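First up is the structure itself, then whatever we jot down about it.
The values are calculated or read from the model by the stated rules, or taken from the named source; none is laboratory data. Quick caveat: nothing in here was measured; it's all calculated off a predicted structure. With ideal geometry, Cβ positions are generated from the backbone for all residues, glycine too; neighbour counts draw on all protein chains shown. Just so you know, the surface numbers come from the protein's heavy atoms only, side chains and all, with ligands and any DNA or RNA stripped out. Shrake-Rupley method; radii C 1.70, N 1.55, O 1.52, S 1.80 Å.
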Amino acid sequence: MANSSAPWIGCAYLFLQSTCKTIVLPSLYESSQKKPSVFKALKLALADSTGSINGVDMLKVHCSHPHLIVQLKFCKQENCRRFLQSYREGVLQESLQKHLQLSLAISAVPLEMELKAGSEHLDSMLKDEDRCLECIYREKPDRLRDEEITKLEECLKSLVVHRIINNNAAVKDGTSLNSPSLPGPSQGNSLSPQVTFTFQGQEFANRTLTPDDHQKFAKLVSKKWKQVGRSLQKNCRALRDPIIDNLALEYDREGLYEQAYQLLLRFRESEGQKATIARLIAALEENGLISLAEELLGLHSSED
């Protein structure tokens, strides 16, 4: 399909339309207040479809009533193949509907989708995956990433970072300790994580995971990162199948550290303030990684 020495790059257009008359996606995206929420939903759904937050690049979002048209760029054939599988099986549609529902805080967002590459309508040939890949590969991007997309990406990243910083500061200041204690990690629409948790008979203050926690986990969890991911998966939609297996494949060359790092990055980015030390410690305990749990809680001496 492509010269082995040349990078695999292809382009496609994803056409989106809501089947609900009261929800007009182009109008929502044209609204300065709603645009970040729609973009966030698109970003997370596309990440779900490829198993990586960087699996597919959005170059531009076009508003062409009644459609929202997303220009997509793929830089790896395997990512494009995962995207096509997700699209064909309805996983992308379901994921985007759920992310739009959460981001826009509305009851439901029923969607119709269509995928095109140049003049080819890919929906009619989805069972022939190689033919779809060939069509996408033939279409090269005709533009660089739109400045607006770059700004929205930066805003989304800043939102995640600020959320992590603010919650860590709240724990240090003791302000979060005024909240009532919850019985376990928050689920559903509950936004407040439990205030304290117990590990090996000792009580610890809960807090949002820090970059230091992140690095220690990636360095020390070794081959059990997938098992820990399965445990976290129970209450984290962003880690549902086949995401963990996809991460293993995508970062196989980089090794165990990067695989574990990407797993926890996905957890932190998707869960925000709910990505707490209590949830990670529970997952480590479940998989017998007591020493790592102790390390994260500072129970090992500096000599250890």
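For region 25-41, the condition holds for no residue, the condition being that it is part of a strand (DSSP E or B) and in contact with a helix residue (DSSP H, G or I) (Cβ under 7 Å, 6 or more places away or on another chain). Of the residues in region 295-304, none is modelled with pLDDT of 95 or more, in contact with a helix residue (DSSP H, G or I) (Cβ under 6 Å, 6 or more places away or on another chain), under 18 Å from ASN206 (Cα atoms) and buried (at least 20 other Cβ atoms within 10 Å of the Cβ). Number of residues in region 55-94 that are touching a residue at least 60 places away in the same chain (Cβ under 8 Å) and in contact with an Asp or Glu (Cβ under 6 Å, 6 or more places away or on another chain) equals 2. Candidates in region 248-260 are the residues that are buried (at least 21 other Cβ atoms within 10 Å of the Cβ) and either among the hydroxyl-bearing types (Ser, Thr, Tyr) or at pLDDT 95 or above (or both); of these, the one that is nearest to ALA218 (Cα to Cα) is ALA260. A residue that is under 27 Å from GLU153 (Cα atoms), in contact with a helix residue (DSSP H, G or I) (Cβ under 7 Å, 6 or more places away or on another chain), open to solvent by 60 Å² or more (accessible area, probe 1.4 Å) and in contact (Cβ under 8 Å) with a residue 60 or more places away in the chain occurs somewhere in region 262-275. Among the numbered conditions (1) of a type outside the set (Asp, Glu); (2) in contact (Cβ under 8 Å) with a residue 12 or more places away in the chain; (3) over 19 Å from LEU156 (Cα atoms); (4) open to solvent by 10 Å² or more (accessible area, probe 1.4 Å), the only one that SER37 does not meet is (3). Taken over region 47-56, the criterion of being open to solvent by 10 Å² or more (accessible area, probe 1.4 Å) and part of a helix (DSSP H, G or I) is satisfied by ASP48 alone. Confirm whether LEU44 is hydrophobic (A, V, I, L, M, F, W, C) and at pLDDT 95 or above. No; evaluated as a whole, the condition is false for this residue. Just checking, does region 191-213 include any residue being within 28 Å of VAL56 (Cβ to Cβ) and surrounded by fewer than 19 Cβ atoms within 10 Å (Cβ to Cβ)? Yes.
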